[in-house]
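Here the structure is laid out as structure tokens; the discussion comes afterwards.
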Amino acid sequence: MLERIIISGFGGQGIMLMGRLLAYAGMLEGKNVAWMPSYGPEMRGGTANCTVLISSKEIGSPIVSHPKILIAMNQPSLDKFEPNVSENGLIILNDSLIEREVNRDDVSVIRIPADDIADKLGNSRAANMVVLGACVKKSKVVKMETIFKALEKTLAGRNQDLINLNKEALKQGAELVED
């Protein structure tokens, strides 16, 4: 098993946190992982993406040119990475910010109104967790319980008050997709 994932969006959307959580959850499940961040020239508001590999075997390179899964949190991310998604891959979109349709018919597409759901939860910054919840449930790359454990470890300390909100966002995202 080798899952190749690209997560992309604007800086400030929690792109790196999503990638770190997936990689950490993979480690907690005893899998081999690689996580490689990439930032644009600006942090908040610039482009940000990361690649995550989760594998049952050793990983030879962290470079992902053709991801099996793309999480696109904004329009420029979809425009940039859509052509590279593997045939029969999965594209998960933040439907709150991406209006256009995917131009391919050889991939599965899940549209999640992530910003809208996060706003209803009372914190617009939880949109990343809504999308991540949908990704974890659909792809089964890691278990949802393991993402919760990774979240607790990652947000321990000064951000501990955000754990329950993020868990709820993950659950709501998962509820939007079928197994």
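Readers should treat all values here as calculations from the given coordinates under stated rules, not as data from a laboratory. Being a predicted model, the structure only gives us computed values, none of them experimental. Every residue, glycine among them, receives a Cβ derived from its backbone with ideal geometry; neighbour counts consider all protein chains shown.
How high is the relative contact order of the chain? Use alpha-carbon pairs under 8 Å, at least six apart in sequence, and give a whole percent. Intermediate results must be reported in sequence, preceding the final value.
Values: 375 pairs, mean separation 37.1, N = 179.
With pairs under 8 Å counted, the relative contact order is 21 percent.
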List, in the order given, every pair from 140/167; 31/137; 80/153; 31/153 whose Cα-Cα distance in the structure shown is over 26 Å. 80/153
Span from the segment 46-99 Cα centroid across to the segment 100-161 one, whole angstrom: 14
For the chain, using Cα atoms only, the Rg and Dmax in Å read 14.8, 44
Which residue fluctuates most in the GNM of the chain (Cα springs below 10 Å): 114, 156, 48? 156
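Can you tell me what share of the DSSP beta bridges in the chain is antiparallel? A percent to the nearest 5 is fine. Write out the running numbers ahead of the final one.
Numbers: 17 of 30 bridges.
Of all bridge pairs located within the chain, approximately 55 percent are antiparallel.
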Between residue 145 and residue 79, 0.36 nm times their residue separation minus their Cα-Cα distance comes to what? 20.5 nm
Which of 95, 115 has the fewest other C-beta atoms within 10 Å, and how do the rest follow up to the most? 95, 115
Counted charge near residue 89, where neighbours are those whose Cβ lies closer than 11 Å (Asp, Glu -1; Lys, Arg +1): -1
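Go ahead and run the numbers for FRET between residue 108 and residue 156, Cβ-Cβ distance against an R0 of 41 Å, rounding to 0.05. Don't skip to the answer; put the middle values down first.
Details: r = 35 Å, r/R0 = 0.85.
Efficiency computed from Cβ-Cβ geometry: 0.75.
Would you compute, from DSSP H runs of 4+ residues alone, the mean residue ellipticity of the chain at 222 nm, taking -39500 (n - 2.57) per run and dividing by the full residue count, rounded to the nearest 500?
Numbers: 6 runs with 66 residues, N = 179.
When only DSSP H runs of four or more count, the value is -11000 deg cm²/dmol.
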Given the options 12, 89, 60, which has the most mean-square fluctuation in a GNM of the chain, springs set between C-alpha atoms less than 10 angstrom apart? 60
Peptides ranked, highest mean first, by Cβ atoms within 10 Å: ranges 120-126, 61-67, 144-150, 101-107: 144-150, 120-126, 61-67, 101-107
Test item: Cα-centred dipole of the chain, Lys/Arg +1 and Asp/Glu -1 on Cβ, debye: 620
What list of ³J(HN,Hα) values in whole Hz, one per residue of segment 162-176 in order, does the Karplus curve 6.51 cos²θ - 1.76 cosθ + 1.60 (θ = phi - 60°) give from phi, with Gly and Pro shown as x? 8, 4, 5, 4, 5, 4, 5, 5, 4, 4, 5, x, 5, 5, 7
